[in-house]
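The structure appears right after this line, and notes come after that.
The values are calculated or read from the model by the stated rules, or taken from the named source; none is laboratory data. Quantities reported herein were computed from a predicted structural model and do not represent experimental measurements. Methodologically, a virtual Cβ is constructed for each residue, glycine included, from the backbone with ideal geometry; neighbour enumeration extends over all protein chains shown.
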Amino acid sequence: MSSTETTGGVDRAHDRSFTPKLIFATLHASIVGFCLWLAFALEWTDPARAKLLAACAVLYFLRQLITLFILLKRKVDLSESLGLSAFMAVFEIGFLLVGAGILRDKAVPFGGTDMLALGLIAFGSYLNTGSELQRMIWKKRPESKGRCYTGGLFKHSMHINYFGDMVLFTGWALLTTSWLAFVIPLFMTVGFVFFHIPGLDAYLSQRYGAEFDTYAAKTAKLIPFVY
């Protein structure tokens, strides 16, 4: 494997990696199952919000299955599966506990902020999974072989899928009604900007050359119309 295939902390070489992906999905399913048990089997200060946050974990798990077994073509190492599973356990269980009222003594009524949060979750999910589906469909065309995808949602941002996760996690954190939860989307954004995106851009520039460089020169890197 050449050094250019490992960038941004992940292996970019194409590989089915079925076993690590299956382990990842199984661990995530266990985390989601635990969230459902917490939400529905225990008594909480804010039980309705706990159940809604558990539903968010289910939605995220279903999207992960699509990503792992349909969209993701690169190699997934066991260490990556274990590390991401630990991260998911922290934020999915943490979001639920905070939202359920572990740090407060009364429920927070649902209101406009929660509608905004759900809208951000839905929109972020669309941006992430929708953009990846668009790219997958385009990549299957014979004339697309060896070319860089710059259409669909990716014409608005080079990493619109990452931006989708930022929007999704901001909404998820907002739904907890605790500012503590915003540590997670902030952590993810810093990781995207300073670690994942620079490594991925270097890989894409090396792979696609002038086509990618031209695209990068005229397209927002992460946040459409902003950065």
* Structure fact -> Apart from one, (1) over 28 Å from residue 154 (Cα atoms); (2) modelled with pLDDT of 95 or more; (3) more than 15 Å from the chain's Cα centre (by Cα) all hold for residue 118; the odd one out is (1)
* Considering only the range 11-45, state which residues are out of contact with any helix residue (DSSP H, G or I) (no Cβ under 7 Å at 6 or more places or on another chain) and polar (S, T, N, Q). => 17, 19, 26, 30
* Structure fact -> Among residues of the range 39-73 being among the basic types (Lys, Arg) and either in contact with a His (Cβ under 6 Å, 6 or more places away or on another chain) or free of Cβ contacts under 8 Å to residues at least 40 places away in the same chain (or both), the residue nearest to residue 104 (Cα to Cα) is 51
* Taking the range 95-107 only, how many residues are closer than 10 Å to residue 177 by Cβ and either surrounded by 18 or more Cβ atoms within 10 Å (Cβ to Cβ) or of a type in the set (Gly, Ala, Ser) (or both)? -> 4
* To do: Among the helices (runs of 4 or more DSSP H) lying completely within the range 150-220, list those that include at least 1 residues that are at pLDDT below 95.
  => 197-208
* Structure fact -> Checked the range 141-159 for anything farther than 13 Å from residue 216 by Cα and either crowded, with 22+ Cβ neighbours inside 10 Å or in contact with a helix residue (DSSP H, G or I) (Cβ under 6 Å, 6 or more places away or on another chain) (or both); matches are 144, 152, 153
